[in-house]
Amino acid sequence: MISEAPLQQLHDPLFEEHEVKLWVKREDMLHPHISGNKWRKLKYNLQEAKQQGKATLLTFGGAYSNHIAAVAAAGKEFGFTTIGMIRGEEHLPLNPTLDFATSCGMDLHYVDREKYRQKQELTFLQHLAEQFNHPYIIPEGGTNVLAVKGCTEIVQDINIDYNYLCCTSGTGGTIAGIIAGLEGQKQVIGFPALKGGEFLKEEIAQLVQAYNGGSYSNWQLITDYHFGGYAKVKPELLEFMHNFQKHYQVPLEPVYTGKMMFGIYDLIRKGFFPSGSRVVAVHTGGLQGNAGFKERLGVVV
């Protein structure tokens, strides 16, 4: 059952000092296991798979992938067999993400890193289609034009007036949907989780173009808050996350949402947002990954 994603206003003396108001759109509350942008990206892909008469979903991801966990949960809930092509070698016992995926019935297949790089190549995909009896194939991270369509709906139920909409960015599908959904209105700020995330700008623009043929100038990427790169953490990020959750009872995770919220606070502190700005930050979920962080790094998040 998919729930609503309410807006939660945050209050802090910092915001009052800079005359900025901040809300979090709680996409993490859409579903216990298919939350945030993962549901948005999967929604129309699941419909398309049904329409094509496909009984199996096949997708790609790393061993701690939010997308792998979400596809496994969606398969269980909506009646699909699921196959996960996992980058790297098998490690037993399974980590929390893959243990959850298998508990949902997902069949895991491990792919060495060299072969995994072929995941977008037509010959490799044709081989997988033949090997697994022609499943519905969803790209790594779930990002395709149908995912962009789903992510356009993130902006449809924001029932307040606002100037800025912020979201994190991994493969670019979520922010592409937000940009397309706003059709040139408001200002959109993306926070790449990857080091050197500037490359995403072209990919995001291409996704928007593929979805609705549009080209918009009301968005930008701020690449200063990657904390060393994807899945990297630093003490100041963890301290911020702990204080944030304690103050607002809103859980974050360190790969995406923690970095974005840290960045928003820092930008407010630096006067990036003009006085009177009303900012909405999209919480994209991904909280299942916190268990894996605790296991891998001994980091409690």
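The values are calculated or read from the model by the stated rules, or taken from the named source; none is laboratory data. These numbers come from a predicted model, not from an experiment. Every residue, glycine as well, gets a Cβ built from its backbone with ideal geometry; the counts of neighbours run over all protein chains shown. Each accessible area value is taken on the protein alone, full model and side chains, heavy atoms only, with ligands, DNA and RNA left out. Shrake-Rupley method; radii C 1.70, N 1.55, O 1.52, S 1.80 Å.
The table below gives the values:
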item	result
Part-to-part distance (alpha-carbon centres) for segment 98-162 and segment 228-287, which is given in Å	26 Å
Long-range Cα-Cα pairs in segment 1-46 (distance over 12 Å), rounded percent	65 percent
Lys270-Leu125 pseudo-label distance in nm [points 7 Å out on the Cα-to-Cβ vector]	3.8 nm
Cα pair count fraction exceeding 17 Å, expressed as % - segment 138-209	38 percent
Accessible surface of Tyr110 - all protein chains present, 1.4 Å probe, nearest 10 Å²	70 Å²
Per residue accessible area of segment 146-192, 1.4 Å probe, in Å²	29 Å²
For Ser103, solvent-accessible area (1.4 Å; no DNA, RNA or ligand), Å²	80 Å²
Gained length - Ile160 relative to Met1, 0.36 nm times residue gap less alpha-carbon distance	54.7 nm
Sequence-distant lysines (8 or more away, or on other chains) whose Cα lies within less than 26 Å of Lys186	Lys21, Lys25, Lys38, Lys41, Lys43, Lys149, Lys201, Lys259, Lys270
Equivalent ellipsoid semi-axes, segment 182-301, via Cα gyration tensor eigenvalues times 5, rooted, Å	27, 18, 13
Dipole moment magnitude, nearest 20 debye, segment 192-301 about Cα centre, only Lys, Arg, Asp, Glu C-beta charged	220 debye
Calculated P(r) tail over 26 Å for segment 31-165, as whole % of Cα pairs	23 percent
Of Tyr211, Ile179, Thr223, farthest towards positive along the dipole that unit charges on Lys, Arg, Asp, Glu beta carbons give segment 162-301	Thr223
Phe78 accessible area, 1.4 Å probe, all protein chains in place, Å² to nearest 10	70 Å²
Solvent-accessible area per residue for segment 222-273 (1.4 angstrom probe, square angstrom)	45 Å²
Computed magnitude of the charge dipole of the chain (debye, nearest 20; Cβ of K, R +1, Cβ of D, E -1)	100 debye
Cα convex hull volume per residue for the chain (Å³)	129 Å³
Segment 20-121 - accessible surface per residue (Å², probe 1.4 Å)	44 Å²
Carbon plus sulfur fraction of accessible area for the chain, probe 1.4 Å, in percent	48 percent
Relative contact order [Cα under 8 Å, 6+ residues apart], segment 172-301, whole percent	22 percent
FRET efficiency estimate (nearest 0.05) - Cβ-Cβ, Ala55 to Tyr110, R0 25 angstrom	0.60
Exposure rank, largest accessible area first [Arg26, Arg269; 1.4 Å]	Arg269, Arg26
Sequence of Lys195, Lys119, Lys234 when ordered by accessible area, the most exposed leading, probe 1.4 angstrom	Lys195, Lys234, Lys119
Length-normalised contact order for the chain - Cα pairs under 8 Å, 6+ apart - percent	22 percent
Most mobile of Pro254, Pro139, Pro274 in a GNM of the chain (Cα contacts under 10 Å)	Pro274
